[in-house]
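Enquirer: Structure incoming, see below.
What follows is calculated from the coordinates using simple rules that are stated; it is not laboratory data. Note that the coordinates shown come from a computational prediction; the quantities given were computed from them, not determined experimentally. Positions of Cβ are backbone-derived with ideal geometry, glycine not excepted, and every protein chain shown enters the neighbour counts.
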Amino acid sequence: MYRLLAPAKINLFLQIVGNCLDGSGYHELVMVMQAVSLMDRVELMPRRDRQIKVRCTNPAVPCDQRNLAYKAAALLQRHFPACQGVEIFIEKRIPVGAGLAGGSTNGAAVLVGLDLLWQLGLTQQELQHFAEELGADVPFCLQGGTALALGRGEQLTPLPDLQDLSVVLGKYRSLSVATPWAYQTYRQEFAATYAQTPSEQEKARQEGGSATLLQAIQQHDLPTLAASLRNDLEKVVLPRYPLVAQLREQFLQAGAIASMMCGSGPTVFALAPSADEGYTIMQRVRRALPDPDLDLWVCECCPHGIQLETP
């Protein structure tokens with residue numbers, strides 16, 4: 001049996017450049033992704049037959065072919081027909097439908113775990129290839145740390161680790177935002193602003209503000225980093241979900257150096273220069289918004305992706 005730890009991720013930067021020019025229907029993105037220490041635990045146990053069985057502690061998670069953990073196992077089975085089945089148990093700590101890549105990180109964990117369980121001997125490059133087949137966030141979840149992501153998110157460049165930076169997360173339990181809805185709505189409202197040609201897209205990338213953020217990460221310049229965050233999806237999600245906008249503002253009022261929506265939402269993150277300040281911000285927000293439906297976490301920037309859990 002193998003136990004793996006699967007970190008959540010936040011986006012420090014999400015720029016929608018335009019439509020992918022390959023006709024795939026996806027968006028061309030510029031993202032800076034950061035793994036955080038809120039993690040699911042994924043356990044893998046061999047079966048004597050060929051079946052893939054998924055169980056999860058959160059009843060809202062589908063345990064059939066829709067689950068990315070299931071899809072990861074099925075993908076490897078198709079490529080390696082001699083492999084037997086597997087029992088997958090997901091201890092869910094990352095909230096569902098939260099914009100934190102909870103499903104993607106579970107899929108990445110299954111790829112890593114089955115490589116070990118089935119003794120496939122895959123290289124990191126081969127694992128990344130399978131991750132790309134599963135979904136846009138899976139390659140980053142496999143790698144973790146801090147990274148620049150281009151294309152759909154599969155073109156990754158590692159960045160220096162963000163140390164001594166605390167992340168406070170907030171999500172209303174009953175609130176979820178469908179990622180396809182967020183991107184489709186953005187396309188409907190802002191397609192006229194999209195860069196249409198390779199040269200226009202390159203210009204948009206150069207002028208989008210990511211270079212300032214990348215330099216701030218290199219120099220560990222927290223004030224510039226805080227001022228350089230960007231998430232284009234806020235333009236469509238915040239007007240539709242006022243509770244998300246309110247939580248973002250409350251984090252700032254509580255003393256966060258920056259606050260922004262995670263990915264397609266509805267989770268909001270706040271940055272603090274230390275864990276102590278992170279807990280102070282969380283307590284202030286809890287007092288200002290005493291809603292039992294609001295979950296809050298304090299975590300750290302995580303320098304790795306999927307890892308084996310050590311006893």
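Enquirer: For the stretch 157-194 and the stretch 18-40, what is the separation of their Cα centres, given in Å?
Expert: First find each Cα centre; the distance between them is then 9 Å.
Enquirer: Okay, next question. How far is helix 242-253 tilted, in degrees, relative to the longest principal axis of the Cα atoms in the chain, given as a value from 0 to 90 rounded to the nearest 10?
Expert: With both axes taken from Cα atoms, the answer is about 70 degrees.
Enquirer: Tell me the label-point distance for the pair residue 252, residue 126, using the 7 Å Cα-to-Cβ offset, in nm and rounded to one decimal.
Expert: Distance between the two pseudo-spin positions: 4.9 nm.
Enquirer: Please give every one of the aspartates and glutamates within straight-line cross-link reach of residue 53, meaning a C-alpha to C-alpha distance under 18 Å, and leave out same-chain neighbours fewer than 8 residues apart.
Expert: By straight Cα distance, residue 53 reaches 40, 43, 64, 87, 91, 115.
Enquirer: Follow-up. Suppose we keep just the alpha-carbon trace of the chain; what are its Rg and Dmax in angstrom?
Expert: 19.2, 57
Enquirer: Straight-line reach from residue 171: which lysines have Cα under 20 Å away, leaving out those fewer than 8 places along the same chain?
Expert: 9, 92, 235
Enquirer: Same structure again: Along each of the three principal axes of the Cα atoms of the stretch 166-300, give the extent in whole Å, ordering the values from largest to smallest.
Expert: Result, largest extent first: 49, 37, 20 Å.
Enquirer: Can you find, among 223, 190, 260, the residue sitting farthest towards the positive end of the charge dipole of the stretch 166-300, where Lys and Arg contribute +1 and Asp and Glu -1 at Cβ?
Expert: Of the candidates, 190 comes out farthest on the positive side.
Enquirer: A follow-up question, please. When the expected Rg is taken as 2.2 N^0.38 Å, what fraction or multiple of it is the alpha-carbon Rg of the stretch 113-157?
Expert: Ratio of Rg to 2.2 N^0.38 Å for the stretch 113-157: 1.17.
Enquirer: Still on this model: Could you order peptides 255-262, 73-80, 44-51 by the average number of other Cβ atoms within 10 Å of their residues, highest first? Mind dumping the intermediate values first?
Expert: Numbers: 255-262: 22.1, 73-80: 16.5, 44-51: 12.4.
Listed from highest to lowest mean packing, they are 255-262, 73-80, 44-51.
Enquirer: Moving on. What does the charge count around residue 185 come to, taking other residues whose C-beta lies under 11 Å from its C-beta (Lys +1, Arg +1, Asp -1, Glu -1)?
Expert: +2
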